[in-house]
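Working notes, structure below.
The values are calculated or read from the model by the stated rules, or taken from the named source; none is laboratory data. Here the structure is a predicted model, which means the values were calculated and not measured. Positions of Cβ are generated from backbone atoms using ideal geometry, with glycine treated the same way; all protein chains shown enter the neighbour counts.
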Amino acid sequence: MRIGILLSGRGSNFKAIKAAIDNGEIKNAEIAAVISNKSDAAGLAYAKECGLKTVYLNHKDFDGREAYDREIVKHLSESGVDLVCLAGFMRIISPYFVEQYRNRIINIHPSLLPAFPGLDAQKQALDYGVKFAGCTVHFVDEKMDSGAIILQKCVPVKDDDTEETLSARILEEEHRAYPEAVRLIAEGRLKTEGRHVKIL
């Protein structure tokens with residue numbers, strides 16, 4: 001399985017996926033391309049250091065979201081990508097992109113979806129006063145953070161938590177959850193029926 005990574009920042013979930021491939025936790029998979037909309041993304045620099053194929057595409061150079069996404073899809077296709085992993089990619093992808101890789105794009109979000117979609121999920125959770133938070137790996141569809149849920153990891157919210165401390169604990173679970181989801185896909189162990197994703 002050839003994986004395409006899309007990122008905008010440090011790429012910590014990308015690193016977690018790569019580490020799981022390198023140590024044999026995820027078998028029969030390789031990272032075929034790492035694409036970023038930020039030239040100074042730390043994750044892109046790390047991918048270059050690792051000798052992976054990297055692509056920088058400035059969205060400001062394109063006339064609209066779909067035109068940009070068509071260029072991304074072109075690069076993914078040229079790299080023979082089977083699965084697209086959004087790893088801190090700070091852009092909403094177009095319906096065109098979703099259609100080209102239907103049920104083959106996954107994302108991780110720092111909340112127990114459908115609670116607290118969008119930005120600042122950890123702050124939303126603290127402001128709401130929830131007792132548990134966590135992260136969700138899900139398929140990507142045309143709406144924001146609304147695709148079928150693959151798996152979730154839970155963390156307790158402490159009385160003295162700040163946005164930073166809660167985010168750090170959730171991130172630890174993200175680094176477990178995302179590679180696990182990729183492994184299940186690589187092993188062909190997911191069956192999707194509507195909104196329900198079953199692990200075989």
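Taking every residue in the range 66-90 that is at positive phi and pairing it with any residue that is in a helix (DSSP H, G or I), at least 6 positions away or on another chain, the pairs with Cβ-Cβ distances below 9 Å are 88/12; 88/13; 88/14; 88/43. All conditions but one from (1) outside any helix (DSSP H, G or I); (2) touching a residue at least 40 places away in the same chain (Cβ under 8 Å); (3) β-branched (Val, Ile, Thr) apply to residue 17; the one that does not is (1). In the set (1) in the same structural domain as residue 34 (by TED's automatic domain parsing); (2) touching a residue at least 40 places away in the same chain (Cβ under 8 Å), residue 97 fails one condition alone, (2). The set of residues in the range 25-65 that are within 20 Å of residue 9 (Cβ to Cβ), more than 17 Å from the chain's Cα centre (by Cα) and part of a loop (DSSP other than H, G, I, E, B) comprises 39, 40, 50, 52, 53, 57, 58. Among the residues making up the range 1-38, a single one is among the acidic types (Asp, Glu) and in contact with a Pro (Cβ under 7 Å, 6 or more places away or on another chain): 25. Among the residues of the range 93-130, just one is farther than 22 Å from residue 190 by Cα and of a type in the set (Lys, Arg), namely 123. So if I check each of 9, 4, 43, which one is surrounded by 15 or more Cβ atoms within 10 Å (Cβ to Cβ), in contact with a strand residue (DSSP E or B) (Cβ under 7 Å, 6 or more places away or on another chain) and farther than 19 Å from residue 185 by Cβ? The unique qualifying residue is 43.
Residue 68 meets each of the listed conditions (1) over 18 Å from the mean Cα position of the chain (by Cα); (2) hydroxyl-bearing (Ser, Thr, Tyr); (3) surrounded by fewer than 18 Cβ atoms within 10 Å (Cβ to Cβ) apart from (3). A search for C-beta distances below 7 Å between a residue of the range 50-62 that is surrounded by 15 or more Cβ atoms within 10 Å (Cβ to Cβ) and any residue that is of a type in the set (Lys, Arg), counting only pairs 6+ apart in sequence or on different chains, returns 54/48; 59/91. Residues of the range 82-96 that are under 15 Å from the mean Cα position of the chain (by Cα) and either outside any strand (DSSP E or B) or modelled with pLDDT under 95 (or both): 82, 87, 88, 89, 90, 91, 92, 93.
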